[in-house]
Amino acid sequence: MTEEEKNNILRTYHDRKAANELSKNLAHPSPGKLRDECLIVYKEKGEPKDDDTLRLFFESPGAEDGYRHIIETVDIDKFRPLEYLLKGRVENPADKHYHMLAWLLPKKRVSPPIPFKLPLIWLIAFVIITAIGGISIFWPGQCMYWAGVQYEKCSCDIKKSDTAIIAFDKEKAALKKITRPDTITYGAIGRVWYIKINNSIEFYTAYGFHPLETRKRLKPITKYIIDKYVKPAALPAGRSPDTTALQTQTKPPHSPPPPERSELPADGRLLNDGGGNFDIALLVINDHNDIENSLSSMVANLYGSLKLSTTTSLFTDRFSHSVYLKGVESANTTILNKLELPSRVKYIIIGRYSNAFESGEFTRYVSRAKLKITIISCVTRSVTDAFRISVANAYDDKEHAEAGAIEKLLTDYQTNHLNPIL
């Protein structure tokens, strides 16, 4: 399937949705609703025993009675990639998801054209004018060029050395580059697209192809992309991307200045300076003890929703690779006091994140993610809680397999482990 065909299918879906021409299952998709819609459409099509789209999607030739039993009993997670496609939360969906979307879309009723006869005198005048002056006099702005942020109309006779002049296209002309990425929020999912060009990321207001790199297709923005690229881009000048989470910290009003600390251990600077005392200082690290800034921010936001002041910027990379990490994690009183943590935070939450990929039965990759959480009270100098969360998520590429797994981790965390009183 070509990129143009994919764009046309997705464009048709969004146009039909905007016109309220879709069923509720398609207009507000979830894996369960898409499975139900698939069964409805299958019945409407006469329950064919042999269907190329269903064979491709379910990776099965079907049973003797067709695909009805397969659709009714399949794990609804089979439809999750299609849900992500419709919500703009996936970058490189497999062709089978586009085929399934086209299969599910109802055929649009087309009204028969109304016969129209052009008066003979108008027809003669049109032919004469066209022969003498050319048809372009009727459409003086039928071409356009990319002006850096948006397309500008122009005459097709104009020549520009730095950009191409192309035929005017109403849909392409709607494309605009977003010059303030810091204004992008999670509400942009499904409405904003992006692309990486020369290690730089750009954001646009519509789907399609890059205006200059015309062979490169724009990808729908995802939560992962927002967390990874938009938040660091929104930081004030001079601030390290490692302190991204400071943008979403919730601080208590009129926080007193931090007390002066005694000389830190010989390892170097283990803690960052920062005003105010917090309820929680949070840190998530991976198998290599590197700080996972994005995941740290996501977990911090869970506690922020409970109106608890939370910071993810207290601990430095040097701390996460030092011997003091295990001391704090085990609530070692000597280490906690030496770092003067009880005077700065009430609780410390340390997370250890790991992820491994496996080959999936119906998809290329399965992400198996684990998050071990330890909660330390700096008031009682003790471990108050510890738990593990393990999830799995399948997808056609590693990035989105892991992104989906992280979403499941956070959902489990919020549902089963988020303690408002710690």
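Where a number appears in this text, it was derived from the coordinates with a stated rule and is not lab data. Since we're looking at a predicted model, the values are computed, not measured. We place every Cβ from the backbone using ideal geometry, glycine too, and count neighbours over all the protein chains shown.
So for the pair residue 317, residue 30, with labels modelled 7 Å out along Cα→Cβ, what separation do we get in nm? That separation, rounded to one decimal, is 4.2 nm. The radius of gyration of the Cα set in region 143-227, together with its Dmax, comes out at 13.7, 45 angstrom. Taking the number of Cβ atoms within 10 Å of each Cβ as an exposure proxy, the fewest-first ranking of 154, 143 is 154, 143. Under a model in which nothing but the beta-carbon of Lys, Arg (+1) and Asp, Glu (-1) is charged, region 3-104 shows a dipole of about 440 debye around its Cα centre.
Could you work out the mean projected area of the convex hull around the alpha carbons of region 3-104, in square nanometres to one decimal? Let's see the in-between values first.
Values: hull surface 24.5 nm².
Approximately 6.1 nm², given one-decimal rounding.
Other residues within the sphere of radius under 13 Å centred on the Cβ of residue 18, judged by their own Cβ, net out at +2 (K and R +1, D and E -1). As an equivalent ellipsoid, region 279-396 spans semi-axes of 30, 15, 12 angstrom, where each value is the square root of five times an eigenvalue of the C-alpha gyration tensor, largest first.
Listed peptides 60-71, 343-354 appear in the order 343-354, 60-71 once ranked by packing, highest mean of other Cβ atoms within 10 Å at the front. Taking 0.36 nm per residue of sequence separation and removing the Cα-Cα distance, the residue 379/residue 160 pair yields an extension gain of 71.9 nm. Exposure proxy shown here: for 417, 99, 28, the number of other Cβ atoms within 10 Å sets the order, fewest to most, as 28, 417, 99.
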